[in-house]
1. Among (1) in a loop (DSSP other than H, G, I, E, B); (2) surrounded by 11 or more Cβ atoms within 10 Å (Cβ to Cβ), which single condition is Gly655 missing?
2. Within segment 469-486, does at least one residue satisfy the condition of being in contact with a Gly (Cβ under 9 Å, 6 or more places away or on another chain), buried (at least 20 other Cβ atoms within 10 Å of the Cβ), in a loop (DSSP other than H, G, I, E, B) and at positive phi?
3. What about Ala287, is it in contact (Cβ under 8 Å) with a residue 60 or more places away in the chain, open to solvent by less than 60 Å² (accessible area, probe 1.4 Å) and in contact with an Asp or Glu (Cβ under 9 Å, 6 or more places away or on another chain)?
4. Could you tell me whether Ser298 is closer than 21 Å to Glu250 by Cα, among the hydroxyl-bearing types (Ser, Thr, Tyr) and out of contact with any strand residue (DSSP E or B) (no Cβ under 8 Å at 6 or more places or on another chain)?
5. Within segment 219-239, which residues are open to solvent by 40 Å² or more (accessible area, probe 1.4 Å), closer than 24 Å to Val311 by Cβ and touching a residue at least 60 places away in the same chain (Cβ under 8 Å)?
6. Could you tell me whether segment 74-83 includes any residue that is open to solvent by less than 50 Å² (accessible area, probe 1.4 Å), modelled with pLDDT under 95, part of a loop (DSSP other than H, G, I, E, B) and more than 18 Å from Met190 (Cβ to Cβ)?
7. Just checking, does segment 153-168 include any residue being modelled with pLDDT under 95, open to solvent by 10 Å² or more (accessible area, probe 1.4 Å) and not aliphatic (A, V, I, L, M)?
8. With the requirement that a residue be farther than 18 Å from Lys334 by Cβ, part of a loop (DSSP other than H, G, I, E, B) and at pLDDT below 90, what does segment 386-437 give you?
Amino acid sequence: MMTELRTDDQRPLFVTGDSEDPRFNQPYVDVREWRDEPADAPVFLGSITTQRGGPAPVKARHLYVHGGFRDTDARFTFCFPPEAEYQQRFFQPTHQLLAGEEATPRNVAFALASGGYSVQTNMGGRDNPRTAEDTSSGRFDPTIRGYRVNAAAAKFSRVVAAEIYGPHRPFGYLYGGSGGAYQTVTSAEMTTGVWDGFVPYVMGSPQSIPNCFTVRVNALRVLKDRWPSILDAFEPGGSGDPFAGLNAEEREALEEATRAGFPPGAWFNYIPQGGGPLVLVANLVPALDSTYLDDFWSKPGYQGTDPTSSVRAARIQHEAFVVDVIPGRRKQLKLSSVPTGDLTGADVIITSGAAAGKTASLGRIASDGMGQVGLFFEPGADTIEITAERSVVDAIQPGDEVRLDNSRFLALQTYHRHQLPPANPDFDYPDVYDYFRNPDGTPKHPRRGVDVGAAGTLGSTGHIPTGRFHGKMIVVECLHDGDALPWQADWYRKKVEAVEGADVDEKYRLWYVDNANHTDPTTETQQTHAVAYSGTVQYALRELSAWVEHGIAPPPTSAYDVRGGQVHIPRSAAERKGIQPVVHLKANGSERAEVAAGEAVTLSAQIEIPPAPGRVVSAKWDFEGVGSYSEAVELGDPTSGAVTVTATHTYSNPG
């Protein structure tokens with residue numbers, strides 16, 4: 001018998017295993033066919049879809065089911081294994097930005113290889129807001145993409161599974177990274193009986209938006225001429241002192257980023273990282289805090305009025321007019337002039353003509369003094385990249401006046417100073433937020449009257465995490481993640497501990513992964529500095545299913561402590577716990593060796609195994625640090641707690 005969804009004084013709907021969602025209560029199936037290869041789907045950052053060289057080609061026999069919910073734009077797909085391979089479970093990935101219901105081949109292959117079927121939705125289709133403006137508009141119900149459409153699809157998948165395999169209740173597991181971690185946690189807290197276990201990974205907190213990103217872009221701007229020496233200090237054999245030679249403002253920017261939680265080991269990727277996901281959430285600030293820009297440049301207590309700050313010299317407000325509109329695949333504009341200076345993140349504000357009052361976002365610029373402006377110009381021309389609604393771009397005509405203005409982006413870079421510490425004590429995390437307090441506990445900087453972080457979290461899923469969830473959970477967090485700062489997983493762990501007390505280990509684990517970023521490495525630079533963590537997520541899902549279905553407890557939570565905004569872990573694998581092996585590398589018997597070009601170097605690596613199931617199955621060297629691990633080595637006893645491998649290599653060139 002179906003029951004109505006429970007509501008609590010108009011709060012978000014709470015979904016149970018036998019409830020009926022009033023919007024998603026008429027499922028249908030329009031495709032049902034056996035396939036040997038999963039459907040093609042885009043690889044999306046934030047889900048288990050990437051590996052070196054791109055997504056793996058997959059051939060796997062499965063029953064493909066496609067459908068949706070009537071009178072909505074919500075769609076779903078299920079991929080079921082042959083009956084002989086089915087073990088009565090399903091796996092469901094989630095992320096707000098998943099554009100379609102087709103699961104990636106790798107996610108389908110993982111589910112099938114794990115004895116389950118895959119479930120994926122399009123997050124509600126047109127009910128899923130795609131911009132910060134839409135999210136803050138109030139026109140969308142965030143609970144739809146937050147958990148409701150996923151829950152409706154998960155419950156209907158059990159109906160289809162019973163039709164295929166006979167009466168039974170499959171176990172269900174939901175997982176998602178980054179923004180998908182918000183959805184996963186919200187689903188764990190706002191449903192019961194829908195999923196049995198959850199794996200949120202690279203997760204944030206209710207204060208992530210936009211603070212995790214603004215503290216980074218501020219450091220990127222202030223330290224733009226200092227990065228070579230800073231990175232050298234962090235590299236193996238470096239001094240370890242990234243503050244050497246910095247002036248007061250530069251030191252403050254780097255210290256602030258570190259104390260806010262940005263991992264020093266993530267700076268190597270600073271050029272491709274840039275603002276990262278900031279572009280997705282930046283417009284929440286003007287949408288929710290419309291007076292901030294003016295206040296930043298006019299009121300005391302803000303960096304824009306500080307005569308010692310470099311931000312005032314970095315400000316550009318350049319007037320020009322459109323000389324010509326150049327047709328092509330992407331419309332290009334030739335301007336009367338283009339300013340010098342750093343225009344990263346600047347706006348193109350149209351001040352006359354049909355598009356007057358509209359704004360386009362400016363990306364990169366390359367100038368030769370010829371006044372050429374637009375999208376993707378040939379090298380040597382004055383070029384910028386802009387993004388705006390097509391109607392705005394099409395309305396720009398010769399003679400229109402524009403202003404290139406980076407005032408908003410500069411002001412945004414220190415918005416975190418006026419959000420932290422958060423006013424709501426439920427969001428507090430003293431190790432980080434005390435840095436933004438005076439000795440008497442008051443905020444160092446003027447605090448804004450709106451909490452953009454909490455608003456962004458509510459806009460994402462319709463719920464603020466409390467730590468009270470249903471089922472079992474394994475969290476995977478990466479220690480070199482510059483987007484989801486690692487301490488935030490501990491913030492949620494403390495919420496869970498406050499609810500569960502001494503019983504927390506009966507339903508919760510947190511595994512930290514060292515030397516891993518927000519996504520798996522793909523570039524040469526990333527592959528020489530970072531390790532992939534997607535295998536850890538997959539391992540967590542299988543351990544979770546064994547925990548839920550058979551009571552087999554997974555490896556314990558990682559040992560760590562948080563100091564100065566940074567998560568610190570023990571040096572040895574036995575002390576560190578979790579599931580990640582630890583490698584101790586030496587050159588000529590020491591952590592640092594200086595040799596002449598052409599002189600042989602003896603390298604040794606001790607691989608320690610944590611107290612968890614598993615063993616060392618392979619080891620490879622990348623002698624030249626190019627991201628290619630081609631030199632395989634023979635292992636000793638792979639069942640021992642530590643495996644040591646050695647090699648001799650000669651470096652022909654200095655460096």
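The values are calculated or read from the model by the stated rules, or taken from the named source; none is laboratory data. Nothing here was measured: the structure is a model prediction, and the numbers come from that model. FYI the Cβ positions are ideal-geometry reconstructions off the backbone, even for glycines, and counts take in every protein chain you see. Side chains included, ligands, DNA and RNA excluded: accessible areas come from the protein's heavy atoms. Shrake-Rupley method; radii C 1.70, N 1.55, O 1.52, S 1.80 Å.
1. (2)
2. Just the residues of segment 469-486 that are in contact with a Gly (Cβ under 9 Å, 6 or more places away or on another chain), to begin with: 470-474, 476, 479-480, 482-486.
With buried (at least 20 other Cβ atoms within 10 Å of the Cβ) added as a condition, the list becomes 471-474, 476, 479-480, 482-486.
Remaining after also requiring in a loop (DSSP other than H, G, I, E, B): 471, 479-480, 482-486.
If we keep only those that are at positive phi too, we end up with 471.
So far as segment 469-486 goes, yes, one or more of its residues are in contact with a Gly (Cβ under 9 Å, 6 or more places away or on another chain), buried (at least 20 other Cβ atoms within 10 Å of the Cβ), in a loop (DSSP other than H, G, I, E, B) and at positive phi.
3. Values: in contact (Cβ under 8 Å) with a residue 60 or more places away in the chain: yes; open to solvent by less than 60 Å² (accessible area, probe 1.4 Å): yes; in contact with an Asp or Glu (Cβ under 9 Å, 6 or more places away or on another chain): yes.
So Ala287 passes the test.
4. Numbers: closer than 21 Å to Glu250 by Cα: no; among the hydroxyl-bearing types (Ser, Thr, Tyr): yes; out of contact with any strand residue (DSSP E or B) (no Cβ under 8 Å at 6 or more places or on another chain): yes.
In short, no.
5. Once the filter is applied, which keeps residues that are open to solvent by 40 Å² or more (accessible area, probe 1.4 Å), closer than 24 Å to Val311 by Cβ and touching a residue at least 60 places away in the same chain (Cβ under 8 Å), segment 219-239 yields only Lys224.
6. Of the residues in segment 74-83, the ones open to solvent by less than 50 Å² (accessible area, probe 1.4 Å) are 74, 76-82.
Right, trim to modelled with pLDDT under 95 and you get none.
No, every residue in segment 74-83 fails to be open to solvent by less than 50 Å² (accessible area, probe 1.4 Å), modelled with pLDDT under 95, part of a loop (DSSP other than H, G, I, E, B) and more than 18 Å from Met190 (Cβ to Cβ).
7. Looking only at segment 153-168, we keep the residues that are modelled with pLDDT under 95, and these are none.
So far as segment 153-168 goes, no, none of its residues is modelled with pLDDT under 95, open to solvent by 10 Å² or more (accessible area, probe 1.4 Å) and not aliphatic (A, V, I, L, M).
8. Of everything in segment 386-437, just one residue is farther than 18 Å from Lys334 by Cβ, part of a loop (DSSP other than H, G, I, E, B) and at pLDDT below 90, namely Glu389.
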